[in-house]
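A short write-up of the structure that comes next.
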Amino acid sequence: MEKTPQIKPWIADIHAYVPGRATGSDGKVLTKLSANENPLGCSEDALAVLAAGHEPARYPDPDAANLRAVLGELHGLDPARIVCGTGSDELLNLAAQAFAGPGDEVLFPRYSFSVYPIAARRCGADPVEAEDADYGADVDALLAAVTDRTRVVFIANPNNPTGSYLPPREIERLHAGLRGDILLVLDQAYAEYLEDAEAAHALALAERTQNVLVTRTFSKIYGLAGERIGWGYGAPPLVDALNRIRGPFNVTQSGQRAAIAAARDTGFIDRSREHNANERTRFAQRMAALGNHGIRPLPSEANFVLVLFEGELSAGDALHGLAERGYAVRHLPSQGLGHGLRITIGTAEDMDAIAAAIAEMAGRHPAG
Ligand code: PMP
């Protein structure tokens with residue numbers, strides 16, 4: 001038999017990441033509320049920077065020095081402790097790769113971001129899921145799941161896909177219960193949807209400890225998902241480890257410039273946060289009103305709501321019904337959430353249309 005390259009068994013075990021789609025099963029283009037993007041787009045200042053053009057023949061600044069300086073200034077951080085990535089996704093993978101390997105365990109709560117098991121397996125480590133507490137992270141369950149082999153703990157806070165949130169005192173309790181040789185990654189892709197003081201807590205914890213890495217992104221509230229810009233903050237040895245293995249030119253020149261403009265446009269961030277909070281409350285109330293049909297919105301601190309369908313109307317049927325009406329939302333059966341739909345907060349019109357459609361579909365079934 002002819003010899004062929006043999007995939008490593010731990011890579012063969014990976015289920016590839018399933019991205020949120022913008023088309024129905026028939027290929028029809030839909031309004032995309034399946035990837036937690038900002039329905040208001042991005043800052044006009046960032047758009048102007050992108051439109052102004054750049055020098056594609058030149059490599060970008062490998063150290064993203066200007067972007068790190070601006071982030072340091074805005075958040076009161078030492079730029080030397082910041083590392084930028086091709087989205088925060090790259091940084092999550094690098095964190096696992098730098099601190100875990102074959103025989104080690106990477107721990108995270110059940111129903112958390114689907115990149116964590118991929119990041120663990122990519123470096124040959126074993127992904128371990130701790131039990132949830134009504135779809136949220138459970139600190140006691142996480143601490144009980146720690147073993148001698150645990151090297152990295154991932155917490156998305158706020159969490160995707162549930163929207164759940166652990167307040168600072170719970171994060172402190174988790175950190176206090178972990179051995180010093182375990183890296184705690186606080187994935188804050190949705191931090192900007194929190195109150196400023198809550199969002200700042202993770203950065204402050206990373207500032208005063210040796211084993212906490214915070215990751216943030218320009219993909220969500222900043223509306224720059226297509227530019228692929230993330231950043232991490234932690235103690236110098238952590239940042240040094242990530243710098244050794246990241247792509248040398250991992251953030252494009254246009255991405256670095258757009259991120260600087262977006263970071264400075266606090267007006268756009270405030271408007272986006274306010275829009276999200278208003279529409280999320282309105283939508284969640286309308287879903288909660290369908291409780292007698294077994295429909296339950298989980299409390300969310302992010303820019304989406306996970307709606308559970310535990311009555312006659314199934315999540316799968318609701319998914320199809322929404323697609324027929326022009327909307328793509330996220331069904332996650334592969335994450336044990338076949339009974340839920342994760343719906344990104346869109347415009348007021350989108351949310352009205354989706355809430356009305358779900359109410360209409362539920363109304364066709366007798367209430368329980
Ligand atoms: N963390 C969480 C919790 C997310 O939901 C996402 C995006 N889906 C990311 C990280 C990665 O985002 P990006 O790579 O675009 O920064």
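So which GluC sites (Glu not before Pro) in segment 187-295 are both in a DSSP loop and have at most 12 other Cβ atoms within 10 Å of their Cβ?
Glu195
Going through segment 1-81, which GluC sites (Glu not before Pro) have at most 15 other Cβ atoms within 10 Å and a DSSP loop state?
Glu2
Tell me, in nm to one decimal, what length is gained between Arg173 and Ala200 on full extension, where the rule is 0.36 nm per residue of separation less the Cα-Cα distance?
Net length gain for the segment: 8.0 nm.
Dimensions of the chain along principal axes (Cα, Å, largest first)?
Result for the chain: principal-axis Cα extents of 59, 58, 51 Å.
When a/c is below 1.5 the answer is rounded, else prolate if a/b is larger than b/c, else oblate, so apply that to segment 288-343 with a ≥ b ≥ c taken from the square roots of the Cα gyration tensor eigenvalues.
Rounded shape, in that the Cα axes give a/c under 1.5.
Between Ala16 and Asp148, what's the calculated FRET efficiency when r is the beta-carbon distance and R0 is 35 Å? Round to 0.05.
Computed FRET efficiency for Ala16 and Asp148: 0.70.
Run the reach check for Lys28 against lysines, Cα to Cα strictly under 26 Å, same-chain hits fewer than 8 apart removed. What comes back?
Lys220
Given points 7 Å out from each Cα along the Cα-Cβ axis, report the Arg271 to Gln253 separation in nanometres with one decimal.
3.0 nm
Is the C-alpha gyration tensor of segment 90-153 telling us rounded, prolate or oblate? Criteria: a/c under 1.5 is rounded; beyond that, a/b larger than b/c is prolate, otherwise oblate.
Oblate shape, in that a/c is at least 1.5 and b/c is the bigger or equal ratio.
Springs between alpha-carbon pairs under 10 angstrom, Gaussian network model over the chain: which of Tyr222, Tyr233, Tyr59 fluctuates most?
Maximum fluctuation in the GNM of the chain, among the listed residues, is at Tyr59.
Please report, to one decimal in angstroms, the Kirkwood hydrodynamic radius of segment 176-240 built from all distinct Cα-Cα pairs.
For segment 176-240, the Kirkwood estimate is 12.5 Å.
At what distance in nm do the modelled label points of Asp26 and Thr4 sit from each other, each positioned 7 Å from its Cα along Cα→Cβ?
In this crude spin-label approximation the distance works out to 3.7 nm.
Amide H of Thr150: which non-local residues (sequence gap of 5 or more, or other chain) have their own amide H closer than 5 Å, using H built in the peptide plane?
Those qualifying (amide H under 5 Å, at least 5 residues apart or on another chain) are Glu105.
The numbers here are math on the coordinates, done by the rules we state, and not lab data. Note that the structure is a prediction, hence the values are computed from the model and not measured. All Cβ positions, even for glycine, are placed from backbone atoms using ideal geometry, and neighbour counts span all protein chains on display.
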